[in-house]
Amino acid sequence: MNKHRVILLLCGLSFWLAGCTSQGPGLGRDASDYFTRISQGYRMSVEAQQAKDVMWVTADPKNEIESFKEGDKLPWVQQLALLSGYCMQHKGIMEGEPFIQFQLEDGEPKNDMRICQQVETLIEPSDLVGQMSMPASKVIRATHKGKRTNLGAAYRALEQFARESGLDSTGWGRLTVIRGAEDTSDPSEYLTLVQLYVR
């Protein structure tokens with residue numbers, strides 16, 4: 001291998017490493033202030049996220065989270081259909097995957113659960129669909145693989161990671177389905193992105 005090929009190979013490797021450390025999977029160029037550490041079996045990352053405009057509908061956390069943990073399919077189908085239909089009806093441009101945001105108590109969803117969809121610009125709200133501008137924030141994130149029956153353990157691990165890192169939890173979490181029953185018949189292959197808001 002000649003000298004020029006070695007230089008090109010090293011340059012390519014440096015660009016690849018820069019890409020791996022500048023963003024997490026599925027988040028695009030939205031994140032900065034990024035670092036990663038393995039803790040309690042999870043690969044955890046601390047990231048700063050940009051402000052977002054979001055449309056949302058509410059869900060009952062007690063009933064819906066149990067359905068989400070135990071069921072084979074993504075719950076809140078009616079709420080998601082309502083939200084996406086409302087955005088399309090009002091010519092709203094949706095961005096990214098829908099996510100679920102909620103308050104936490106001891107690592108478990110407590111109340112004020114919202115099914116959210118980021119949009120390019122806010123749409124006029126209705127009696128059923130709300131809007132909010134989410135300020136720039138910092139989150140700890142990890143990817144949970146397998147059944148979702150122990151998501152509480154994942155959030156408690158995020159909270160412990162926050163304490164060990166000198167960060168304070170805001171008491172709010174969010175999750176996004178990366179791979180679910182719509183993608184695989186094997187629950188052990190489910191992937192769920194779990195995030196904890198910190199300051």
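The values are calculated or read from the model by the stated rules, or taken from the named source; none is laboratory data. This one's a predicted model, so the numbers in the text were calculated from it and none came from an experiment. Heads up, the Cβs are rebuilt from the backbone with ideal geometry, glycines too, and the neighbour counts pull from every protein chain shown.
Observations on the model:
- Leading residue by the ranking (farthest from P98 (Cα to Cα)) among those in the range 173-192 that are among the β-branched types (V, I, T) and touching a residue at least 12 places away in the same chain (Cβ under 8 Å): T192
- Residues in the range 106-135 that are part of a strand (DSSP E or B) and hydroxyl-bearing (S, T, Y): S133 alone.
- Given (1) farther than 26 Å from L158 by Cα; (2) modelled with pLDDT under 80; (3) not hydrophobic (A, V, I, L, M, F, W, C), number of the condition T121 does not satisfy: (2)
- Residues located in the range 102-138, provided they are under 16 Å from the mean Cα position of the chain (by Cα) and of a type in the set (D, E, K, R): E108, R114, K138
- No other residue among T170, T143 is of a type in the set (S, T, N, Q), without any contact (Cβ under 8 Å) to a residue 40 or more places away in the chain and assigned to a strand (DSSP E or B) apart from T170.
- If you go through the range 84-118 and keep only what is more than 30 Å from L158 (Cα to Cα) and of a type in the set (A, V, I, L, M), you end up with M88, I93.
- Number of positions in the range 84-100 that are in a strand (DSSP E or B), among the aliphatic types (A, V, I, L, M) and modelled with pLDDT of 90 or more: 1
- Checked against (1) in contact with a Pro (Cβ under 6 Å, 6 or more places away or on another chain); (2) not in a loop (DSSP other than H, G, I, E, B), Q103 meets all criteria but (1).
- The set of residues in the range 99-148 being under 19 Å from S45 (Cβ atoms) and of a type in the set (S, T, N, Q) consists of Q101, S137, T143.
- Selected residue (only one of R174, R141, R199 is modelled with pLDDT of 90 or more, more than 13 Å from the chain's Cα centre (by Cα) and among the basic types (K, R)): R199
- Test result for R156, crowded, with 18+ Cβ neighbours inside 10 Å, farther than 18 Å from Q50 by Cα and either in contact (Cβ under 8 Å) with a residue 40 or more places away in the chain or over 12 Å from the mean Cα position of the chain (by Cα) (or both): no
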